[in-house]
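In what follows, a structure is listed as structure tokens, so that the remarks can point back to it.
Taken together, the values in this text are just the output of simple stated rules run on the coordinates, not laboratory data. These figures come from a predicted structure and were not determined experimentally. Here the Cβ positions follow ideal geometry from the backbone for every residue, glycine too, while neighbour counts run over all protein chains shown.
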Amino acid sequence: MITDPPALLRAMFDAAVAAADPLQRVAEFLPRPPPPPGRVVVVGAGKASARMAQAVEQAWDGPLSGLVVTRYGHEAPCSHVEIVPAAHPVPDAAGEHTARRILELVSGLGVDDLVLALFSGGGSALLTLPAPGITLADKQAITTALLRSGASIGTMNLVRKHLSAIKGGRLAAAAFPAATVGLLISDVPGDDPADIASGPTVPQASTPAQALAVLAAHGVPVPPAVRAHLERAPGCPGADDPRMVRVTNHVIAASQQSLQAAAALARRAGVTPVILSDSLEGEAREVGIMLAGIARQVRRHRQPAPAPCVLLSGGETTVTVRGTGRGGRNVELLLALALALRGVPQVHAIACDTDGVDGIEEVAGALVGPDTLERAERLGVSAAAALANNDGHGFFAALGDQVVTGPTLTNVNDFRAVLIT
């Protein structure tokens, strides 16, 4: 018998995060001895990159040095790799300056040298080095507009890599003839290395024309310098670029592994896990309604599994911001789910970002239960109004149902669990 559904859901989320801890994932993917005769240079960007650098230092047998940029508050102690914090999701000057230093650090290396490139979710914003003719202000404006437009992460990263002097394979191209080994923690649905942190070490197949089309499709104003660049730029290094022949990339952690860890914990608790998908996308509120429908199917028809069961999913939804609230795709999804269920008994849910940050809030996500709407009404808080205003964080803060972890130092995207007891 499940006596504390919220505690079980939180334990599943914690298990999902632990399964993606860089300290548990990095060592097995490092190049095996003997070490290269030349230098070993560690570079990276993302919310997990500092923890990844820490893991490299613990596992590597030999001298190394390097530079990594991570989100403010996501630093980890390192002895040989410099850790610099910068802004996310909208880039700042600290990120631009550090990205330039990283590019300079790998440029001019020789054939006997090795670059260990550590990238995770958040790397696109943190590794910001605008292409010639484009300013940081241009990139900030476009990033802000894309974040509000409801564009998917893959779509956003397609634009970012074509406005960059370092992403889209350009980091590895600059490091040639040194060998580059990319260790990647995926926060993108489908786990395509070309999309993780906008693929600094990965050959690309997309074109600048596609990036321009994305901006037009989402109604994003295009500064003249950006338009001129996208109309004349040669594009990113492709698979046939000779500078990419000494590059190897490994996806070392992704959503599926975390979902499997949560599923294992559920089985030990006597709950049947159903992994729906590791790559659900779409408007957060629409995905919330869909998950509510599946929960109702379990209650009425014992499908896709009889209760007690838990519906697990990963991926990254989006929010088209129309209100003035504090956003957050996981809390928006939970608001829509609660409204769709309307207090159906024995259904509880959690939705959190595995990096500990849902949107721009230092909050991972929240929990809902059968009494969520009733408790809100007693407090004079309207779930429907909060959803219309994109203010899920405000709603769940009022109820005391937020999940606050602090920086987890990893990032394999969103984790969702709907528990039917």
Exercise for review: Return one number: the angle in degrees, 0 to 90 and rounded to the nearest 10, between the long axis of the Cα atoms of helix 136-149 and the longest principal axis of the Cα atoms of the chain.
Suggested key: 30 degrees
Revision key, fill the gap. Tilt, helix 153-162 to longest principal axis of the chain (alpha-carbon atoms), in degrees rounded to tens, equals 20 degrees
Check your understanding: Of Ser186, Ala253, Pro63, which is farthest along the charge dipole of region 22-253 in the positive direction, counting Lys and Arg as +1 and Asp and Glu as -1 at C-beta?
Key -> Ser186
Review point. So if R0 is 22 Å, what FRET efficiency would Ala18 and Ala269 give, r being the distance between their Cβ atoms, rounded to the nearest 0.05?
Key: 0.85
Study note, to complete from the structure: Farthest towards the positive end of the dipole of the chain, among Val298, Ile275, Ala386 and with Cβ unit charges of +1 on Lys and Arg and -1 on Asp and Glu, lies the Cα of Val298
Check your understanding: Pairing the Cα long axis of helix 93-106 with the longest principal axis of the chain, what angle in degrees results, from 0 to 90 and rounded to the nearest 10?
Key -> 50 degrees
Check your understanding: So which trypsin sites (Lys or Arg not before Pro) in region 306-411 end up in coil per DSSP with only 16 or fewer other C-beta atoms within 10 Å?
Key -> Arg322, Arg342
Study note, to complete from the structure: For the chain, the dipole about the Cα centre with charges only on Cβ (Lys and Arg +1, Asp and Glu -1), to the nearest 20 debye, works out at 580 debye
Point to revise | region 249-299, dipole about Cα centre (Lys/Arg Cβ +1, Asp/Glu Cβ -1), debye to the nearest 20 | key: 360 debye
Practice item. For Ser279, enumerate residues with amide H under 5 Å from its amide H, sequence gap 5+ or separate chain, H modeled in the peptide plane. Key: Gly314
Exercise for review: Can you tell me which of 388-394, 331-337 comes out highest on packing, and rank the rest after it, using the mean Cβ neighbours within 10 Å?
Suggested key: 331-337, 388-394
Check your understanding: When the Karplus curve 6.51 cos²θ - 1.76 cosθ + 1.60 is applied with θ = phi - 60°, which whole-Hz ³J(HN,Hα) does each residue of region 118-133 get, with x for Gly and Pro?
Key -> 10, 10, 9, x, x, x, 4, 6, 6, 9, 9, 9, x, 4, x, x
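Taking the Cβ of Val344 as the center, what net charge do the other residues with Cβ under 9 Å away carry, scoring Lys and Arg +1 and Asp and Glu -1? Each step should come with its number before you reach the end.
Numbers: positive: Arg296, Arg299, Arg342; negative: none.
Here the charged neighbours net out to +3.
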Review point. Hey, what do the phi angles of region 245-261 turn into as Karplus ³J(HN,Hα) couplings, whole Hz, using 6.51/-1.76/1.60 and θ = phi - 60°, x for Gly and Pro?
Key: 6, 9, 10, 10, 10, 10, 7, 9, 7, 7, 4, 4, 4, 5, 5, 5, 5
Practice item. Using only the alpha carbon atoms of the chain, find the Kirkwood hydrodynamic radius as the inverse mean reciprocal pair distance, in angstroms to one decimal. Key: 21.8 Å
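Can you sort Arg51, Arg39 by how many other beta carbons sit within 10 Å, fewest first? Write down the numbers at each step before the final one.
Numbers: Arg51 31, Arg39 16.
Ordered by Cβ neighbours within 10 Å, fewest first: Arg39, Arg51.
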**Study point:** Placed amide H near His88: partners under 5 Å, 5+ positions off or other chain
**Key:** Tyr72
Revision key, fill the gap. Output ordering of 93-102, 59-68 (per-residue mean of other Cβ within 10 Å, highest first) is 93-102, 59-68
Revision key, fill the gap. Non-local residues with an amide H under 5 Å from the amide H of Ala179, with H modelled 1.01 Å from N and Pro and chain starts lacking one, are Asp113, Val115
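Please work out the FRET efficiency for the pair Ala27 and Arg378, using the Cβ-Cβ distance as r and a Förster radius of 45 Å; give the result to the nearest 0.05.
Calculated transfer efficiency: 0.30.
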Review point. Using r as the Cβ-Cβ distance of Ala228 and Thr248, and R0 as 25 Å, what FRET efficiency do you calculate, to the nearest 0.05?
Key: 0.10
